[in-house]
Amino acid sequence: MGTKLKPDQANTIVIRSLSTTKGILRFEGTDKAAYWRRFAMLLTLSVVIATMGLLRNSGAVVIAAMLVAPLMTPILGVAAAMVMGWLKRAVALALTVCLAACACVLMAWFMVYVADVPRGILIPDQVLARTDPGTEDLIVALAAGVAGAYVQIKKSELSLLPGAAIGVSLVPPLSAAGILLYFGEPAEAYEAGLLFATNLGAIILSACAVYLVYAARSVVFSKGKRKLNFTASVFVALAFLVVVVLQLGKSTYNRYLETRTEAQVAEAIREWADPISVEIIRIDVNAQRKQTEVWLIVDLPVEAQFKVSSIAALLPERLRETSLVDVLQEELGPGYLAIIRYQTRIGAQVILGTDNVQQAPDVTDVTEDE
């Protein structure tokens, strides 16, 4: 017959098997000062690396910041405290994460402020990449949370830790939010913060599921205060994630509409210009702000190089019949703010060794032939 364990002994075994509880206890006790110093140092280094990487538009540097960031430990600690029924510890760790997130935003803003980065320049693509969260980011966060929690329990799988850290984008969105606030883009900064909130909620819930499967079922499914605490904390986490998912769904739908509208505008511009070659460099539609930005390069006739005239006079007659503004209004409707940037160039097709000089073919035709 097996030996029956006392409740305290059973809980001790569960705690030992759930190694993440060690990370929770590091924030308490006699060693907490040393742990806080290490946590603050790594968080500061991560923000510095992420901010510089975002400003320099370097994805490799941003990935380095993900590896240095220490936020994963307290977030997994929140999940472990929830599973163990330690409600006060879960709340304390959640507040720690929130305060650390605010500190990251402030540090990033202060860095670009001290560096006196010009506000008139284009915002780097690495920053803007953190301002378009969608439901796919939620799926990635759920999977990364499972990987992170699994590594915490199965120390033999430490080789997976770098991948989990890269998959969970925690500090870069916060640094992006600070940079965007400096650039005077609060709406974009909110989207970057939403990406962080998505990762936070998804990691906590997916980590809870992993801990339940591997270590703490006896605590959760027992009767008493711990089970009640676990139920209440999971309900709060689910409510938080539902709010985030609603925001993500809205963002994803707006992005779908904007992508479809951009494709329609591009097709309308090609039809308007035909048979003149027009290269579309960029079309950016923001449905929420009702703003669009169009960048074009228009090929002038070969003979334009021998004429001295205004650009409007050099444009082919076909493009002067109907203005581009009318085309955009027909596609987008009135009320949109349209920013149009266009350049002109001479396009020629020459048969080498002869005097045969013709108009260059359409850019899209050349691309398709290649």
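Couple of notes before you dig in:
- Hits in segment 312-342 - residues which are of a type outside the set (A, V, I, L, M, F, W, C) and either open to solvent by less than 80 Å² (accessible area, probe 1.4 Å) or in contact with an Asp or Glu (Cβ under 9 Å, 6 or more places away or on another chain) (or both): PRO316, ARG318, THR322, SER323, GLU331, GLY333, GLY335, TYR336, ARG341
Conditions (1) farther than 28 Å from ALA143 by Cβ; (2) open to solvent by 40 Å² or more (accessible area, probe 1.4 Å); (3) modelled with pLDDT of 85 or more, marked per residue:
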site	(1), (2), (3)
MET1	yes, yes, no
GLY29	yes, yes, no
TYR35	yes, no, no
LEU45	no, yes, yes
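- Where ARG119 falls short, out of the listed (1) at pLDDT 85 or above; (2) open to solvent by 40 Å² or more (accessible area, probe 1.4 Å): (1)
- Yes/no for VAL127 being among the β-branched types (Val, Ile, Thr) and surrounded by fewer than 18 Cβ atoms within 10 Å (Cβ to Cβ): no
- Of note, VAL242 satisfies the criterion of being open to solvent by less than 90 Å² (accessible area, probe 1.4 Å), part of a helix (DSSP H, G or I), out of contact with any strand residue (DSSP E or B) (no Cβ under 9 Å at 6 or more places or on another chain) and at pLDDT 80 or above.
- Taking the criterion of being in a helix (DSSP H, G or I) and within 31 Å of the chain's Cα centre (by Cα), the only residue of segment 269-300 that qualifies is ILE269.
- Only one of LEU67, LEU93 that is surrounded by fewer than 18 Cβ atoms within 10 Å (Cβ to Cβ), touching a helix residue (DSSP H, G or I) at 6+ places or on another chain (Cβ under 8 Å) and either aliphatic (A, V, I, L, M) or part of a helix (DSSP H, G or I) (or both): LEU67
The values are calculated or read from the model by the stated rules, or taken from the named source; none is laboratory data. This is a predicted model, so every value here is computed, not measured. Cβ sites come from the backbone with ideal geometry, for glycine too, and all protein chains shown count toward neighbours. Calculation scope for accessible area: heavy atoms of the full protein, side chains included, ligands and nucleic acids excluded. Shrake-Rupley method; radii C 1.70, N 1.55, O 1.52, S 1.80 Å.
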